[in-house]
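Taking it in order: structure first as structure tokens, then the write-up.
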Amino acid sequence: MSFRSSRSTAVALVTLATFIDIVAYSVCVPVLPDLGRRFGASSAVIGLLFASFGATLLVVAIPMGAMSDRVGRKWPLVGGMLALAGATTIFAGANSLPWLFAARLVQGAADGVTWAVGFALVADLYGPEDRGRVMGYVMSGTSVAVVFGPSLGGWLYEAGGIWLPFAALAIVSLLCAGGFLVIRP
């Protein structure tokens, strides 16, 4: 079996994608309140900024699973990672509150695609006897991201300003999109 059609490669990419998603989400924890205040946002507006991610994720994830059943898993996963790269790029260049909301909405949509379709791909590749174990691997990658994401985001923010954590995430997202582009799930 080749690297491009390996189940392990697909699982590694799904794990990387969910890891990047959670790091991108976590980077926002130390960055968005400061950035929002710079743009004149109240605590309530910053709360809405965080909530907008979940609302978009919910709206996108539900139909995305069914859509990927029709069109396949590869292109939605590529698109989800490209959208995440776009969201992080918007974050890096945001100069007003509406741009932060746009970035957060795109980020939520990207995560809705990546998670729904990524787990569908894992379910496609593994039978009931292995599926839970493999999904556990994917989820362990997200747990690592939850642990390190806020610290990494804060450190990169201090080291290079607003653009550095989001530019780094955009680059990694593009690399992951490239990985999904070359596999044959």
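The values are calculated or read from the model by the stated rules, or taken from the named source; none is laboratory data. What you see is a predicted model; the values in this text were computed from it and never measured. For neighbour counting, all protein chains shown are included, and Cβ atoms are generated from backbone atoms with ideal geometry for every residue, glycine included. With ligands, DNA and RNA removed, areas are computed over all heavy atoms of the protein, side chains included. Shrake-Rupley method; radii C 1.70, N 1.55, O 1.52, S 1.80 Å.
Placing pseudo-labels 7 Å out from each Cα toward the beta carbon at MET139 and ALA51 gives an inter-label distance of 2.8 nm. In the chain, helices alone account for a calculated mean residue ellipticity at 222 nm of -31500 deg cm²/dmol, with every DSSP H run of four or more residues adding -39,500 (n - 2.57).
The accessible area of ARG37, taken with all protein chains in place and a 1.4 Å probe, comes to roughly 150 Å². For the stretch 6-66, rounded, prolate or oblate, judged on the Cα gyration tensor with a ≥ b ≥ c (square roots of eigenvalues), a/c < 1.5 rounded, else prolate if a/b > b/c? Judged from the Cα gyration tensor, the stretch 6-66 comes out oblate (a/c at least 1.5, b/c at or above a/b). When only alpha carbons are used to place a centre, the stretch 1-63 and the stretch 96-158 end up 6 Å from one another.
Classify the stretch 6-116 as rounded, prolate or oblate, taking a ≥ b ≥ c as the square roots of the eigenvalues of its Cα gyration tensor: rounded when a/c is under 1.5, otherwise prolate if a/b is larger than b/c and oblate if not. The shape class here is prolate. The slack between ARG37 and ARG184, meaning 0.36 nm per residue of separation minus the straight C-alpha distance, is 48.4 nm. Electrostatic bookkeeping for GLY153 treats Lys and Arg as +1 and Asp and Glu as -1; over the other residues with beta carbon under 15 Å from its beta carbon, the sum is -2.
A cut-off under 12 angstrom between Cβ atoms defines the neighbours of PRO76, and their net charge, with Lys, Arg +1 and Asp, Glu -1, is +2. Here is the size of the chain from its Cα atoms: Rg then Dmax, 16.4, 55 Å.
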